[in-house]
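> I am attaching a structure below and will ask some questions about it afterwards.
The values are calculated or read from the model by the stated rules, or taken from the named source; none is laboratory data. The structure displayed is predicted, hence computed values, not measured ones. Here the Cβ positions follow ideal geometry from the backbone for every residue, glycine too, while neighbour counts run over all protein chains shown. Heavy atoms of the whole protein, side chains included, go into the accessibility calculation; ligands, DNA and RNA do not. Shrake-Rupley method; radii C 1.70, N 1.55, O 1.52, S 1.80 Å.
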Amino acid sequence: MFWSTFTFDIAGRASMMEFPLRTLLTQESKHNGEHHKHFTQYYDAKSTLQDLQLERWESMHGVRHLLEEHDEVRKVYNESVGQIVQVARLRPKQRGHTIPESIVVANTHLFYHPMADHIRVLQAYAICHKLDEVRRFQDRADPVLICGDFNSGPLSGVVRLLTHRSLVPTENDCWKHLNKYKWECGDNEYMLDHGYIGNPIDAVNDPVFVDEEFVDAHSDEASLDVSCTSKEENDGERTSDSSSEICPPTIVLPSCFPDLISGCLSVPQFTNYAVDFVETLDYAFASKPSKREPWGMMPLGEAPMPSENSVKKWVAMPNEVMPSDHVALACDFEWARYDL
């Protein structure tokens, strides 16, 4: 993560942090010489601010229940997922009544698998809680800026939660693979069989783009479900249906967490362009000024994005003129304060 020293002071070591996402919902403790995992009582946290009565993070009850009762979700989230969130508290060089004393910036890369939107929702909720904890400093609450590769489309559960502050199971399909997705669905054999990685063995020539009917890689999810079930049956590892009885929780960001606004005035057509996958996966969200959260930022615009035709010329990304499979998302914000 980088920032301009023309705009912000140089951050000290104490102002730069990183947190493994798998630890943000659990904590390790020792009891009778053995290791036990206990779910932290985040929803019992109290505000250090004198003028703000924090609401509890009540949705942590439902998240905690899901992780305790759903073996596969707990296995993936706590034991297998290795993403982190980088956090820095930055002090603007410029001072003024419309500029906060400091801002908390977070950068992350959420879990990748197209069938695991529910895992990314849990990650996003955990990040928001951690940021709410970090931003409370010396009896003030700093505005936040959250950016990164969320591996989530504009209609995903993650984006819904961050922009609408709530995620009701009946309003979004992010939970549709809750009882189908397993960690084994991401192994090399599985990914090769369904075209997520690798090239045909007989592909001896450089690929040439042919304008044909687009086939979204997500359309293969139905066959993936069948293959996972078949593998369980063949290996004698099919589990009981107990986890299928677990209902997904309703997740709500409490009012102590700021409203977020996108740095893009309009949703980019794409930020990732592969042969059979084109989607917007990268975002930048910032605190929006409000009566409860007077400090914040407002978007001014974003850098021009490449057109689909400019990428088609080179088949997909990355290529010899585009070194990454993602487009860099550059957004301009201006400091803003709620007009009391």
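> Determine the share of the range 120-188's accessible area contributed by carbon and sulfur atoms, expressed in whole percent, with a 1.4 angstrom probe. The partial results should precede the final answer.
Numbers: 1280 of 2450 Å².
Solvent-exposed carbon and sulfur of the range 120-188 make up 52 percent of the total.
> Expected output is a single nm value to one decimal: the length gained when fully extending between Glu68 and Gln138, i.e. 0.36 nm times separation in residues minus the C-alpha distance. What is it?
Full-extension gain reported as 21.7 nm.
> Computed FRET efficiency, Cβ-Cβ of Arg56 and Tyr338, R0 22 Å: what is it to the nearest 0.05? Please report the intermediate quantities before stating the final value.
Working: r = 24 Å, r/R0 = 1.10.
Once the sixth-power term is evaluated, E becomes 0.35.
> To the nearest 0.05, what FRET efficiency results for Glu101 and Glu189 with a Förster distance of 56 Å applied to their C-beta separation?
0.60
> Report the gain in length on full extension from Ala11 to Tyr112: 0.36 nm times residue separation, minus Cα-Cα distance, nm rounded to one decimal.
On the way: separation 101, 0.36 × 101 = 36.36 nm, distance 3.06 nm.
Value of the extension gain: 33.3 nm.
> How much FRET efficiency would the formula 1/(1 + (r/R0)^6) give for Asp276 and Leu155, where r is the Cβ-Cβ distance and R0 is 30 Å, rounded to 0.05?
Working: r = 19 Å, r/R0 = 0.63.
Working from the Cβ atoms, E equals 0.95.
> Any of Lys176/Lys313; Lys176/Lys288; Lys182/Lys312; Lys75/Lys180; Lys130/Lys182 with alpha carbons more than 24 Å apart? Name them for me. Before the final figure, lay out each step's value.
On the way: Lys176/Lys313 36 Å; Lys176/Lys288 31 Å; Lys182/Lys312 34 Å; Lys75/Lys180 14 Å; Lys130/Lys182 27 Å.
Flagged as over cut-off: Lys176/Lys313; Lys176/Lys288; Lys182/Lys312; Lys130/Lys182.
> Continuing with this model, one more query. When ranked by the protection proxy of mean other Cβ atoms within 10 Å per residue, highest first, what sequence do the peptides 271-281, 94-104 form?
Per-residue Cβ counts within 10 Å, averaged per peptide and sorted highest first, yield 271-281, 94-104.
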